[in-house]
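Q: Here it is, the structure, as structure tokens.
The values are calculated or read from the model by the stated rules, or taken from the named source; none is laboratory data. Treat the numbers as computed from the prediction; the structure is a model and nothing was measured. Ideal geometry is used to build each Cβ from the backbone, glycine not excepted, and the neighbour counts take in all protein chains shown.
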Amino acid sequence: MTTDSSVHTTADRQHASGTLGAALAVAFCAIPLVAAIGGIAYSLPDTPKAQRAAAEKAAQAAKQAQTAQAVLQPAAYSVPDARAIPDSKMGEWIQRGEAIFLRTPENAKGFSGNSLNCVNCHLDAGRLKNAAPMWGAYPLYPAYRKKTDHVDTFAERVRGCFMYSMNGKAPDDGHDILVAVEAYAYWMAQKAPLGEKLPGAGFQKLSQAEVAPTFEAGQKVYAAKCALCHGDSGQGQKKDGVTVFPALWGKDSYNWGAGMHEIDKAASFIKSNMPYGLHNDLSDQEAWEVATFINSFERPQDPRFNGDIARTREVFHNSPNSLYGVEVNGRLLGKGV
């Protein structure tokens, strides 16, 4: 009896289960039919397919953003190795240009009016980024310059360096000095895109100082960070007659026409490159302050001086970044030394 009862019970459960399963199947099959009859067409989304589509769309958007970023920020330029100067007639001119760059008064006699070398500002022989490298400058010329109100060639730009930064005499157009320097710059920039400002070209642009820089604040920064190399009086240092650390003011420095006398340009250079070997060691504010300090002293006269400091300022120095014609600590700047 027990066995038969168990058998019947099991059979009954299977029958009931089958009946319930069939009923559920019919019920679920009826849902879309009822929905269709009611005019409501609904189907569950294909979740994996939707996820794939979303992922592909996101990947495409990321790729487009990456491409746009690459266009906005060109890749860093690879500067040729100094040892790669060709062993040829062209190579001889390139080497001559390099020699002028490294020891300007010695190799450009008669055109340099102080003891500064090109490399004192265009660091690493004109190769270092954010220090006005030659590979960044050469492809940008010819170009209109507000300073000259003229479309300058690269050679004309170099002539200006001799007049202002070197406080000397500009070589005539086509002079061997200009040809050599241009050959050197061309060699460094020969694979750079024409007319495109590359990352690291020129100087790093700074935002405006948060607090108006003062002579006193700059004096403290100079004493702590600059005087060791450039001297307490800004006289610079020489070794074996060659300038290692340039004079920052006084008769042996750049004149009032040089770009470095403009506080914003000097601050940008200082921020990226000073103290020497410790790039970006100063805060932006400190860079503004020390640039103000070093340009608050007298230096050689602007070659464009028209006989009157006030009129010369109005024509050539009408900017808050120039202290030419401004009184600082009771002294009117612009008289020259």
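Q: Return the total of residues in the stretch 139-155 being assigned to a helix (DSSP H, G or I) and either at pLDDT below 95 or among the hydroxyl-bearing types (Ser, Thr, Tyr) (or both). Talk me through it step by step, then tell me what you get.
A: Applying the first criterion (assigned to a helix (DSSP H, G or I)) to the stretch 139-155 yields 139-140, 154-155.
Okay, now just the ones that are also either at pLDDT below 95 or among the hydroxyl-bearing types (Ser, Thr, Tyr) (or both), so none.
So the count comes out to 0.
Q: In this structure, is LEU198 touching a residue at least 24 places away in the same chain (Cβ under 8 Å), touching an Asp or Glu at 6+ places or on another chain (Cβ under 6 Å) and either surrounded by 13 or more Cβ atoms within 10 Å (Cβ to Cβ) or at negative phi (or both)?
A: No: the conditions fail for LEU198.
Q: If you don't mind, another one. Of the residues SER268, SER253, only one is out of contact with any Asp or Glu (no Cβ under 9 Å at 6 or more places or on another chain), among the polar types (S, T, N, Q) and in a helix (DSSP H, G or I); which?
A: Exactly one of SER268, SER253 is out of contact with any Asp or Glu (no Cβ under 9 Å at 6 or more places or on another chain), among the polar types (S, T, N, Q) and in a helix (DSSP H, G or I), namely SER268.
Q: If you don't mind, there's one more thing I want to ask. Given the structure, is GLY91 small (Gly, Ala, Ser) and either within 26 Å of the chain's Cα centre (by Cα) or assigned to a helix (DSSP H, G or I) (or both)?
A: Answer is yes for this residue.
Q: Also, I was wondering about something else. Here are the criteria: (1) in contact (Cβ under 8 Å) with a residue 24 or more places away in the chain; (2) buried (at least 20 other Cβ atoms within 10 Å of the Cβ); (3) under 23 Å from the mean Cα position of the chain (by Cα). Tell me which single one ILE270 does not satisfy.
A: Tallying (1) in contact (Cβ under 8 Å) with a residue 24 or more places away in the chain; (2) buried (at least 20 other Cβ atoms within 10 Å of the Cβ); (3) under 23 Å from the mean Cα position of the chain (by Cα), ILE270 fails exactly one: (1).
Q: Here's a check for you: in the stretch 75-105, which residue that is of a type in the set (D, E, K, R) and touching a residue at least 40 places away in the same chain (Cβ under 8 Å) is surrounded by the most Cβ atoms within 10 Å (Cβ to Cβ)? Before you say what the answer is, go through the steps one by one.
A: Our first condition is that a residue be of a type in the set (D, E, K, R); within the stretch 75-105, this holds for 81, 83, 87, 89, 92, 96, 98, 103.
With touching a residue at least 40 places away in the same chain (Cβ under 8 Å) added as a condition, the list becomes 96, 98, 103.
Numbers: ARG96: 18, GLU98: 23, ARG103: 17.
Among residues in the stretch 75-105 that are of a type in the set (D, E, K, R) and touching a residue at least 40 places away in the same chain (Cβ under 8 Å), the one surrounded by the most Cβ atoms within 10 Å (Cβ to Cβ) is GLU98.
Q: Within the stretch 236-251, identify whether any single residue is more than 26 Å from ARG127 (Cβ to Cβ), surrounded by 20 or more Cβ atoms within 10 Å (Cβ to Cβ) and either of a type in the set (Phe, Trp, Tyr) or under 25 Å from the mean Cα position of the chain (by Cα) (or both), and answer yes or no.
A: Among the residues of the stretch 236-251, at least one is more than 26 Å from ARG127 (Cβ to Cβ), surrounded by 20 or more Cβ atoms within 10 Å (Cβ to Cβ) and either of a type in the set (Phe, Trp, Tyr) or under 25 Å from the mean Cα position of the chain (by Cα) (or both), which makes the answer yes.
Q: Related question: What is the residue count in the stretch 135-171 for residues that are of a type in the set (Asp, Glu) and either under 20 Å from TYR77 (Cβ atoms) or surrounded by 19 or more Cβ atoms within 10 Å (Cβ to Cβ) (or both)?
A: 0
Q: In the stretch 102-138, what residues are charged (D, E, K, R), more than 23 Å from the chain's Cα centre (by Cα) and not in a loop (DSSP other than H, G, I, E, B)?
A: GLU106
Q: Could you figure out which of (1) outside any loop (DSSP other than H, G, I, E, B); (2) over 23 Å from ALA143 (Cβ atoms); (3) without any contact (Cβ under 8 Å) to a residue 60 or more places away in the chain isn't true of GLN285?
A: Among (1) outside any loop (DSSP other than H, G, I, E, B); (2) over 23 Å from ALA143 (Cβ atoms); (3) without any contact (Cβ under 8 Å) to a residue 60 or more places away in the chain, GLN285 violates only (3).
Q: Taking the options ALA132, ALA189, ALA125, ALA183, name whichever one is modelled with pLDDT of 95 or more, surrounded by 17 or more Cβ atoms within 10 Å (Cβ to Cβ) and within 25 Å of SER322 (Cα to Cα).
A: Just a single option satisfies the conditions, and that option is ALA132.
Q: Among the residues in the stretch 292-309, are any over 23 Å from LEU206 (Cβ atoms), charged (D, E, K, R), without any contact (Cβ under 8 Å) to a residue 40 or more places away in the chain and not in a loop (DSSP other than H, G, I, E, B)?
A: No.
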